[in-house]
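Reviewing the structure listed below.
The values are calculated or read from the model by the stated rules, or taken from the named source; none is laboratory data. None of the values given here were measured: they were computed from a predicted structure. Virtual Cβ from ideal backbone geometry, glycine too; neighbours counted across all protein chains shown. Just so you know, the surface numbers come from the protein's heavy atoms only, side chains and all, with ligands and any DNA or RNA stripped out. Shrake-Rupley method; radii C 1.70, N 1.55, O 1.52, S 1.80 Å.
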Amino acid sequence: MTSSKAPVTTSELVDTPYRRVVSLAKDGVPEIPVLGVNKSIRTTEGSIFHRHAYLEITYCALGNVKFDCGGRAYPIIPGSVFLSRPNDVHRLRVNPKGAKVYWIFLKLPQQGERFMGLSRIEIKWIVKSFKALPHKTFAAPEKIGRCYERLFAVYDAEKSDRTARRLKLRAAALDLVIALLEAGVTALSNNADLRFRALVDRMRRNPTKAFSMDETAAELKCAPNTVRALFHRYIGIPPQSFMLKCRIRKARDLLRKGRSVMEIADALGFSSSQNFAIRFRQETGASPTLWRKQNA
């Protein structure tokens, strides 16, 4: 189903024997218009395909559920999060008996808007961090479930003092947001580390291949800035510099085998033999010809 045909929905604030939904918008947290929990007492059909104007962040505490999104199925096991972004067409396929899932709709601020009483710099960090979260699903600790429970507990307990209610709800909501971001960053780092090591190994084995930044970011399933951060963390240099070092290492092997400078420049994708010689000297301190003589 295309995004233009899927309805834009908000969760109805109607409680059932297995579902509770509340809004925090009137209690000082307009950033979370919906807070919900499902406790399935029997297996039921899931929702229709739909989309939201907000982030929807679902945490599975019990049972195995499955989401459909973008033509793919995403099994969600206990201790994991499913993240749908604004206008992602998705649905919960089925509610199995015994499953328990929490969710919120989170309204990220637009330019100049406020967010949970934070400063402009803090808001910028929040928005940037959410944009960098892993695509669709990631592992999360039990702390996430406790943060959801805390939100419901404060919502139910603080009825008499409106000021305390708003303050505590905002604090509990911010705790949940930070916990989600921390879980996402940890999962992103773990997943990206494995993919990164495989990528680096392949770059070393294929120095003639051009690895574009967009292609590399797509392979690692992260943003280009994250790619650069991984290279700086583990290699100590930017990705383009690492690719050059791989090509120069291969060039040294070819020089030992007697290949000409022009042949090597062409084989390794340098724009010219002069460009190759300049780059080689920058990396090794000697021209290709002199290096060959010194390392014959």
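Points to keep in mind about this one:
- Residue list for region 43-58, filter: open to solvent by 10 Å² or more (accessible area, probe 1.4 Å) and not β-branched (Val, Ile, Thr): GLU45, GLY46, SER47, PHE49, HIS50, ARG51, ALA53, TYR54, GLU56
- Counting residues in region 114-135 that are in a strand (DSSP E or B) and either in contact with a strand residue (DSSP E or B) (Cβ under 7 Å, 6 or more places away or on another chain) or in contact (Cβ under 8 Å) with a residue 24 or more places away in the chain (or both) gives zero.
- Residues that are free of Cβ contacts under 8 Å to residues at least 24 places away in the same chain and either open to solvent by 20 Å² or more (accessible area, probe 1.4 Å) or in a loop (DSSP other than H, G, I, E, B) (or both) within region 15-42 comprise ASP15, THR16, ARG19, SER23, ALA25, LYS26, listed in sequence order.
Here's the yes/no breakdown for (1) crowded, with 17+ Cβ neighbours inside 10 Å; (2) touching a helix residue (DSSP H, G or I) at 6+ places or on another chain (Cβ under 9 Å):
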{"residue": "HIS135", "(1), (2)": "no, no"}
{"residue": "ARG146", "(1), (2)": "no, yes"}
{"residue": "ARG150", "(1), (2)": "yes, yes"}
{"residue": "ASP156", "(1), (2)": "no, no"}
{"residue": "LYS159", "(1), (2)": "no, yes"}
{"residue": "LEU167", "(1), (2)": "no, no"}
{"residue": "ARG170", "(1), (2)": "yes, yes"}
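- When VAL65 is tested against (1) open to solvent by 20 Å² or more (accessible area, probe 1.4 Å); (2) over 18 Å from the mean Cα position of the chain (by Cα), only condition (1) is not met.
- Boolean, PRO238 is in contact with a His (Cβ under 8 Å, 6 or more places away or on another chain) and open to solvent by 20 Å² or more (accessible area, probe 1.4 Å): yes
- Extreme residue, nearest to the chain's Cα centre (by Cα), among residues of region 98-133 that are charged (D, E, K, R) and open to solvent by 50 Å² or more (accessible area, probe 1.4 Å): LYS131
- Only one entry in LYS257, LYS250 is of a type in the set (Lys, Arg) and out of contact with any Pro (no Cβ under 7 Å at 6 or more places or on another chain), namely LYS257.
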